[in-house]
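Remarks on the structure that follows.
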Amino acid sequence: MAKTRSHFICQNCGAVHSRWVGKCDGCGAWNTIIEEDPTAGIGGGPGKAPKKGRPVTLTTLSGEIEEAPRIESGISELDRVTGGGFVRGSAVLIGGDPGIGKSTLLMQAAAALARRGNRVIYVSGEEAVAQVRLRAQRLNAADAGVLLAAETNVEDILATLSEDKRPDLVIIDSIQTLWSDVAEAAPGTVTQVRVGAQAMIRFAKQTGATVVLVGHVTKDGQIAGPRVVEHMVDAVMYFEGDRGHHYRIMRTVKNRFGPTDEIGVFEMSDRGLREVANPSELFLGERNEKAPGAAVFAGIEGTRPVLVEVQALVAPTSLGTPRRAVVGWDSSRLAMILAVLEAHCRVRLGNYDVYLNVAGGYRISEPAADVAVAAALVSSLAGQALPKECVYFGEISLSGAIRPVSHTGLRLKEAEKLGFQAAVLPSGSAEIPKSSNGSWNSIESLMDLVVRIAGSKHVGPTDPDEE
Ligand code: TYD
Ligand code: MG
């Protein structure tokens, strides 16, 4: 019989090595290689017969469905992103940059839930009891009845949680600080984070308590972070925002019990996070209506319309290769729009630097913003301010045609509500509502938009041979 050889497998990226090494060639991680027996498990070969399984009852797809029981916090922006409250027995990961406000939000949620009669346990691994108390006082949460522990050892945490009555909500702040006796690696390593998260998730499933795990992510994902935990939990939410601005956005990226495209908008104040029920008013707050290069985009986040300003600056370049810089939008999408403008609308941008910014640190992911971006670009290049009461939306295809997007009615209604009386939208859009006093202008191609903004005059420098 051939000699069985064991494999050395990187626990971070899954690369297989023939011998043990300290650093994985595949992902560059240290100390992640573990020896595994390839013949172990089901189908491992002769002499390795697995234990006899027990058949489970097969069922059909139709049948009774139970609504997942939820605990509502009463903070409506938070309840909206979770899909109506935290689901009992589920594990939720809340990720975000350090200092963005995760602990603040969770302390407020903990207090709100505790005030509604839930047993809430807050386990802080990062801050001492005194620090957490200080924050709670600032947030007016000190008297809410949240139970607090400063602990990082997984076994001790589980023992604490299993004492007394079962908790309704457990907050672990953060998973990077958890460590277990079972794993030998240092706290914060992939192995420890995974073991800790697994133990907490198992606790949630066994007892029906909701477990919220806090995880820091760094921009380059260097620290062994929540990424490894994402597939293990039921819901993943990211808390994001720009440090230079006050508002913060909670975004769902995965949710086994609800929608994944909702956002919750908050504003950081000196007394914690405040809900922002109407984000459009906030994002349009600092608008300069007379400046060229600014277009208002009527967007949709989940079920909610959001109006936001797209700003562009097109300026002659002093460099050989012009600069293209984007904040809050996809840079390859900008490149595409620039190419379509050049190819189909004779807008020459080769000698211009292009800067694009979405106001207020907001991030747009919808292709429907194409038309607003193009409008801002052309407006800046032509030095022509756009009409101040007009919103823009629509997707641009490579042929220069404008394609309809979803939720036309919702976008227009929100625009009207905020005092916008005109809109530039794709022709052929469905469900266009009758406006009371507005004018909805549908356009078929990007050229229509360019002519509308810059008139029939040529935009940009004229080619000498075209004169
Ligand atoms: P924190 O919740 O500690 O961030 P995280 O847990 O994501 O690391 O929030 C940190 C920032 O929030 C800090 O810079 C101070 C600010 N903050 C306020 O502006 N107002 C407040 O009421 C609180 C509690 C914090
Ligand atoms: Mg924190």
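Using a/c under 1.5 as the rounded threshold, could you call the stretch 84-137 rounded, prolate or oblate? The axes a ≥ b ≥ c are square roots of the C-alpha gyration tensor eigenvalues, and prolate needs a/b larger than b/c, oblate otherwise. Can you show the working numbers first?
Values: a/c = 1.88, a/b = 1.24, b/c = 1.51.
Taking the square roots of the gyration eigenvalues as a ≥ b ≥ c, the stretch 84-137 is oblate.
In the chain, what percentage of the DSSP-assigned beta bridges are antiparallel, given to the nearest 5? Let's see the in-between values first.
Working: 43 of 83 bridges.
Among the beta bridges of the chain, antiparallel pairing accounts for roughly 50 percent.
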The stretch 288-338: C-alpha gyration tensor shape, a/c 1.5 cut-off, then a/b vs b/c: oblate
Rel. contact order, % - alpha carbon contacts under 8 angstrom, at least six apart, the stretch 70-276: 28 percent
Estimated D of the stretch 70-276 in µm² per second, where Rh is the Kirkwood radius over Cα pairs and Stokes-Einstein applies at 10 °C, 1.306 mPa s: 95 µm²/s
Solvent-accessible area of Met447 with every protein chain in place, 1.4 Å probe, in Å² to the nearest 10: 80 Å²
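Find the Rg to Rh ratio for the chain, where Rh is the Kirkwood radius over alpha-carbon pairs and Rg uses the same atoms. Don't skip to the end; give the middle numbers.
On the way: Rg = 27.1 Å, Rh = 25.7 Å.
So for the chain, dividing Rg by the Kirkwood Rh gives 1.06.
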Estimated vicinal HN-Hα couplings, Hz - the stretch 116-125 in sequence order (Karplus 6.51, -1.76, 1.60; Gly, Pro = x): 8, x, 8, 8, 10, 10, 10, 9, 9, x
Long-range amide H partners of Arg70 with built H, under 5 Å: Arg88
Distance from the stretch 157-176 to the stretch 267-321 (C-alpha centre basis), Å: 40 Å
Kyte-Doolittle at least 0.5, axis length at least 15 Å by Cα - qualifying DSSP helices, the chain: 102-115, 331-345, 370-382
Carbon and sulfur %, accessible surface of the chain computed with the full protein complex present, 1.4 Å: 51 percent
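Is the stretch 230-321 best put as rounded, prolate or oblate by its Cα gyration tensor, with a ≥ b ≥ c the root eigenvalues, rounded for a/c under 1.5, and otherwise prolate when a/b is larger than b/c, oblate when not? Kindly include the intermediate steps, with their values, before the conclusion.
Details: a/c = 2.05, a/b = 1.64, b/c = 1.25.
Note, shape of the stretch 230-321 comes out prolate.
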Long-range amide H partners of Ala150 with built H, under 5 Å: Ser124
Cysteines without a disulfide-compatible partner [the chain; Cβ-Cβ under 4.7 Å]: Cys345, Cys390
Largest-first ordering by accessible area, 1.4 Å probe, given options Cys10, Cys27: Cys27, Cys10
Restraint check, Lys290/Lys417; Lys23/Lys205; Lys388/Lys413; Lys102/Lys417, Cα-Cα greater than 26 Å: Lys23/Lys205; Lys102/Lys417
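The values are calculated or read from the model by the stated rules, or taken from the named source; none is laboratory data. Remember, predicted model here, so these are calculated numbers, not experimental data. We place every Cβ from the backbone using ideal geometry, glycine too, and count neighbours over all the protein chains shown. Protein only, heavy atoms only, side chains kept; ligands, DNA and RNA dropped before computing areas. Shrake-Rupley method; radii C 1.70, N 1.55, O 1.52, S 1.80 Å.
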